[in-house]
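Written out below as structure tokens is the structure these notes cover.
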Amino acid sequence: MLARRPAPRELPRPDRGAAVTGKFSKHPTARPRTRWHLTLCAAIATLGLCRGGVALAATAPPVHDCDRLAASNYDSAAPVAGIKYQDLDAERAIPACRHAVTAWPATARFEYQLGRALERRGEVEEAVTWYARAAEHGHVIAQYNLGAMYEVGDTVPQDDAAAFHWLRRSASQGLALAEARLGNLYRLGLGIAADPATARRWLERAVAQDEPLAMFYLGQFHEQGSDGTPDQARAIAWYRKAAARGQPQAVARLKALGQPQ
């Protein structure tokens with residue numbers, strides 16, 4: 001049987017699983033833009049407090065060096081494009097993000113980005129603290145990262161109950177990778193009583209977003225007969241779908257079964 005805890009914490013693809021939709025949502029009672037709005041926005045544009053010609057509340061955090069240096073390229077809610085984890089310059093990002101969390105406390109994106117920068121520098125204990133703060137404030141990727149860290153147990157003590165808690169919160173926001181991992185926890189009975197029907201439901205939700213890890217887990221579901229009836233043909237079909245999208249465990253499993261991709 002394959003190891004139950006694959007997949008990196010950092011989201012593996014920017015185009016899959018990021019369920020936070022548009023960067024900015026439209027307020028249902030938004031008023032038409034007037035000359036006054038545009039003049040005000042022109043006056044404060046350098047502070048980053050306008051979007052689309054509409055002035056934001058004075059407390060709204062502007063785009064900050066913390067965003068430029070530490071935003072994830074997988075975070076579709078970030079105000080900038082973000083950078084890859086391996087390209088993150090922690091020495092520059094950490095002081096910028098410390099300033100941001102001080103100037104705008106309880107801002108989830110800054111808390112998450114500080115945690116990301118700290119983890120990049122290997123300061124995992126403090127990174128977990130900031131991920132937890134961001135997760136409590138609803139940051140979907142921080143919730144996922146925290147859940148995966150507790151599930152894998154390589155940087156923090158393994159805790160299936162904590163993993164389940166955070167992955168469920170992330171999955172409830174529609175993050176496909178969290179849906180996949182949550183489904184697998186239900187399948188294996190980790191942090192929650194085993195529930196094949198619920199496991200399959202979460203895995204299929206992730207598959208609907210084209211998440212390869214969920215396809216691999218559905219292969220495991222059918223190969224191991226999680227619903228009481230092993231079905232190798234269906235398992236191989238799911239492994240092939242996952243392998244076609246580059247999922248490494250599916251590739252390895254097909255090879256172990258002597259099956260072509």
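Every number in this text was worked out from the coordinates using simple rules, so none of it is lab data. As the structure is a computational prediction, the values presented were derived from the model and not from experiment. With ideal geometry, Cβ positions are generated from the backbone for all residues, glycine too; neighbour counts draw on all protein chains shown.
What the table shows:
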{"quantity": "Residues with amide H under 5 Å from that of Ile83, placed H, sequence gap 5 or more", "calculated": "Ala71, Ser72, Asn73"}
{"quantity": "Distance in nm between pseudo-label sites at Ala197 and Asp210 (7 Å out along the Cβ direction from Cα)", "calculated": "3.2 nm"}
{"quantity": "Gap separating the Cα centres of segment 78-151 and segment 201-247, nearest whole Å", "calculated": "32 Å"}
{"quantity": "Counting all C-alpha pairs of segment 152-231, share separated by more than 18 Å (%)", "calculated": "37 percent"}
{"quantity": "Packing rank of 71-83, 87-99, where each peptide gets the mean count of other beta carbons within 10 Å, highest leading", "calculated": "71-83, 87-99"}
{"quantity": "Potential extension, Ala106-Thr129 segment - 0.36 nm per residue separation minus Cα distance", "calculated": "7.0 nm"}
{"quantity": "Neighbour-count order for Glu179, Glu126, Glu111, fewest beta carbons within 10 angstrom listed first", "calculated": "Glu126, Glu111, Glu179"}
{"quantity": "Semi-axis lengths (Å, descending) of the ellipsoid that matches the C-alpha gyration tensor of segment 60-173", "calculated": "22, 15, 12"}
{"quantity": "Efficiency of FRET from Cβ geometry, Ser172 and Gln224, R₀ 30 Å, rounded to 0.05", "calculated": "0.70"}
{"quantity": "Positive-end residue, segment 60-173 charge dipole about Cα centroid, Cβ charges, pick of Pro105, Ala60, Gly147", "calculated": "Ala60"}
{"quantity": "Segment 60-173, relative contact order in percent, only Cα pairs under 8 angstrom and at least six apart counted", "calculated": "18 percent"}
